[in-house]
Amino acid sequence: MIFVSGNIIAPDSPEDWERRDGGKWLHFFQVQDLTVSGGGVIDGRGQEWWAQACKGRHRNDKHCTAPEAPKALHFEECHGVRVQGVTLQNGQQQHLTFTRCSNARASFLRVASPESSPGTDGIHLVNSISIHVNDIHIATGGACVSMVGNCTDVRLRYISCGPGNGISIGSIGETPVADRLEKIEVDTMFIANTSNGLLIKTWQDGCGYARKVKFANVVMKNVSDPIIIDQYRSEHPIPCGSTAATRTVAVEKIDYVNIAGTSASKRAVTFSCSDVVPCRQVSLKDVNLKRLSGRGASAYCRSASGKAAGVVVPESCLAGARAAGVEEQ
């Protein structure tokens with residue numbers, strides 16, 4: 001067990017880091033049954049990293065050469081890890097990352113960085129199995145929770161999220177290797193003042209799938225894109241297959257149950273899916289999203305089919321569901 005009772009503080013200048021360390025800070029590799037707990041603070045002091053980052057305000061700077069920022073607390077190829085009770089703040093990049101891990105738990109954490117800090121995801125999951133995250137307050141500049149690669153049996157529950165970019169599945173299909181994300185459950189969340197709410201995003205030329213995903217019991221406040229599936233990320237330069245059917249990430253069996261709140265934009269629901277491999281078996285049950293202004297919100301569907309049940313506001317535009325007014329493209 002590692003008990004954090006005080007403050008663990010990172011060097012504040014990128015020049016203080018040795019390049020040979022690969023951008024690592026608090027990095028645990030191939031450990032088992034480790035618990036990190038206590039009421040202490042892990043502070044990445046990422047301000048100078050954010051100022052140089054090739055993202056955020058430097059996103060379109062072709063001459064940006066800033067080094068990749070380290071992940072604050074990173075577990076790689078670990079099993080049975082528990083992280084609980086600590087505060088993670090001002091991460092240089094992601095605050096808590098699990099890469100190729102299994103049977104990990106994160107609970108009763110506070111994760112915080114300024115809304116303007118680029119890429120500072122709260123919790124980031126990569127190629128991991130059986131990850132449970134619960135009872136956490138996350139307010140960052142990146143996604144509250146993000147997952148990429150091959151992730152299975154992920155459960156997120158009792159999370160307060162915002163500001164930031166909401167809950168993000170993807171981008172999927174960013175590499176030539178197939179990404180497979182399935183059995184994802186997001187339950188009992190409050191999401192406020194974020195750019196996205198519940199997001200699934202894929203690359204046009206990627207391969208793999210996102211399926212068996214359930215979002216349930218979510219309250220949103222002032223969220224710009226509350227529900228969104230986006231299969232039109234910028235075309236990736238390295239296609240993973242030779243035919244159209246293999247170059248598209250499949251999205252199917254996605255459920256939205258008891259989702260309510262306010263949208264900062266007119267369009268509260270967006271299903272922008274591939275014409276080659278449409279989104280299938282998408283379901284909406286008891287969804288009530290209205291504009292923050294009090295006016296009616298809208299839904300947009302492209303190549304998406306499924307069903308709707310209960311009260312659904314804005315009215316479903318899914319093919320196969322009850323008739324709805326579809327927003328013009």
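The values are calculated or read from the model by the stated rules, or taken from the named source; none is laboratory data. From a predicted model like this one, the values you see are computed outputs, not experimental measurements. In this analysis, Cβ positions are derived from the backbone assuming ideal geometry, glycine residues included, and neighbour counts consider all displayed protein chains. Quick note on the areas: whole protein, heavy atoms, side chains included, nothing else; ligands and nucleic acids left out. Shrake-Rupley method; radii C 1.70, N 1.55, O 1.52, S 1.80 Å.
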Can you give the accessible area of Val276, probe radius 1.4 Å, in Å² rounded to 10? 90 Å²
Using protein chains only and a probe of 1.4 angstrom, how many square angstrom of Cys78 are accessible, to the nearest 10? 10 Å²
Are there trypsin sites (Lys or Arg not before Pro) in segment 269-307 that DSSP puts in a loop and that have at most 16 other Cβ atoms within 10 Å, and which ones? Arg295
Per residue, how much accessible area does segment 39-196 show when a 1.4 Å probe rolls over the protein heavy atoms, in square angstrom? 37 Å²
Most fluctuating residue of Thr87, Thr194, Thr140 in a GNM of the chain with Cα springs under 10 Å: which is it? Thr87
Lysines whose Cα lies under 19 Å from that of Lys24, excluding same-chain neighbours fewer than 8 positions away: Lys71
Report the charge-dipole magnitude of segment 125-213 in Debye, nearest 20, computed about the Cα centre from +1 at each Lys and Arg Cβ and -1 at each Asp and Glu Cβ. 120 debye
Classify segment 59-179 as rounded, prolate or oblate from the Cα gyration tensor: take a ≥ b ≥ c as the square roots of its eigenvalues, call it rounded if a/c is under 1.5, otherwise prolate when a/b beats b/c and oblate if not. oblate
In the chain, carbon and sulfur make up what percent of the accessible area (probe 1.4 Å)? 48 percent
Residue farthest toward the positive end of the dipole of segment 138-206, with Cβ of Lys/Arg at +1 and Asp/Glu at -1: which of Trp203, Ala178, Ala192? Ala192
Would you tell me the accessible area of Trp203, worked out with a 1.4 angstrom probe on the heavy atoms of the protein chains, in Å² to the nearest 10? 30 Å²
Only four residue types carry charge here, +1 at the Cβ of Lys and Arg and -1 at the Cβ of Asp and Glu. Report the dipole size of the chain about the Cα centre in Debye, rounded to the nearest 20. 880 debye
Excluding residues fewer than 8 positions from Lys253 in its own chain, the lysines with Cα under 27 Å of it are Lys183, Lys201, Lys212, Lys214, Lys221, Lys266, Lys285, Lys290, Lys307
Reduced to Cα centres, the span from segment 82-107 to segment 116-152 in Å works out to 8 Å
Provide, in order from the shortest bin, the percent of all Cα-Cα pairs of the chain in each 20 Å bin, continuing until the bin that contains the maximum pair distance. 32, 58, 10, 0
Please work out how much length the chain gains when fully extended from Glu15 to Gln32, using 0.36 nm per residue of separation minus the C-alpha to C-alpha distance, in nm with one decimal. 2.8 nm
Do the sum for the chain: with -39,500 (n - 2.57) for every DSSP H run of n ≥ 4, divided by all residues, what is the mean residue ellipticity at 222 nm, to the nearest 500 deg cm²/dmol? -500 deg cm²/dmol
Give me log10 I(q)/I(0) at q = 0.23, 0.24 Å⁻¹ for segment 157-232, Debye formula, one equal scatterer per alpha-carbon, no solvent. -1.01, -1.06
